[in-house]
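K.L.:
Take this structure, written in structure tokens, and hold onto it; I'll ask about it next.
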Amino acid sequence: MEIFKFEHPNYLLLLALVPVLLGLFWLSWRQRKKALDRFGEAGVTRNLMPARSLKRPWFRFFLLLAGFSMLILALANPLIGSRMQEAKREGIDVMIALDVSRSMLSEDIRPNRLERAKMAVSRLIDKLDYDRVGLVVFAGNAITQVPITSDHSAAKMMLRTVSTNSVSVQGTALGSAIERALSSFSGEKLENKVIIIISDGENHLDDPVEQARLAAEQGVVIHTVGIGTKSGAPIPVYQGQQLSGFLRDNQGNTVVSRYDEASLRGIAEATRGVFRHGTGADMGLNSILEEIRKVEKDTFETMVFADYQSRYHYFVALALFFLVLEIFIFERKNKWLQKIKLFD
């Protein structure tokens, strides 16, 4: 198993210049074409300039762009780690329980409650340092999407796949989410473990506060984030990618999903955790992270990649290849090579 990363990823931002340069070249080519059109029709100018090629300038420019892109990748210094070694780390085990019920599709929070929560959780994972993280998703029941792991990249990758289809049974079972999160922690001791529940709080199926008290008896702290607005919003129903309407009850009335603070606040208070109303880009998770930092860290063993090897020279070689090749491609046709129909 190997892992690939860049030592200086900020240099990759320079790749944004590639489409800009492409656009500028296209505008320049278009201006030159307009200037030639003023002298006469395309057939006439082609006869007047038989050595002119329309495709060679573009080919040369793409070679320059390729060489420029390879140099940027070389500056970022790609690294490959192929050897793993055991290391001791200090951190907290954090299990995130994310509501994926259909009410999380409500758009009182843009683009919708679920997508906004996923973005905030992804940013939180980036800030967890050596803390281990896991992910439970729940609706009418709960499943472990990501067991406790120190591989934050894998956790974020799995987070991106989460949708309202991740759990087949609809509803909102906050108690089941807590029970599943507790069982997903590794080891027998649960002291200094943290659960973060992100939900609109509409619990319909069980008693989450009682389950939270059982978690508190084992030393687990639960922080909660409420997402949504008190005025609420209808729940959209999609057929494929198209909005087909909004969810209705048995009487034909449109169901409005309203954010319920009481359940989530009660869960947090039962475990001496904190409750936050999810607002802003971080959805209140930054302040919860400050609370996590106060928890005594555990020491655990994990496997980490060691002896990263630089691979920048491959990209330098490719850049030189493209740039040297560009030198030998002339914009005008060569009379000795006209029989080779490489460009025309």
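K.L.:
All but one of (1) under 12 Å from Arg132 (Cα atoms); (2) aliphatic (A, V, I, L, M); (3) out of contact with any strand residue (DSSP E or B) (no Cβ under 6 Å at 6 or more places or on another chain) hold for Val146; which doesn't?
P.N.:
The failed condition is (3).
K.L.:
Also: Which of the residues spanning the stretch 218-236 are on the phi > 0 side of the Ramachandran plot and surrounded by fewer than 24 Cβ atoms within 10 Å (Cβ to Cβ)?
P.N.:
Gly219, Gly232
K.L.:
Between Arg276, Arg265, which is modelled with pLDDT of 90 or more, assigned by TED's automatic domain parsing to the domain that holds Ile125, of a type in the set (Lys, Arg) and not in a helix (DSSP H, G or I)?
P.N.:
One residue alone meets the criteria, Arg276.
K.L.:
Taking Gly91 as meeting all but one of (1) touching a residue at least 12 places away in the same chain (Cβ under 8 Å); (2) of a type outside the set (Val, Ile, Thr); (3) more than 22 Å from Ser168 (Cβ to Cβ); (4) in contact with a helix residue (DSSP H, G or I) (Cβ under 8 Å, 6 or more places away or on another chain), write down the number of the exception.
P.N.:
(4)
The values are calculated or read from the model by the stated rules, or taken from the named source; none is laboratory data. As the structure is a computational prediction, the values presented were derived from the model and not from experiment. We place every Cβ from the backbone using ideal geometry, glycine too, and count neighbours over all the protein chains shown.
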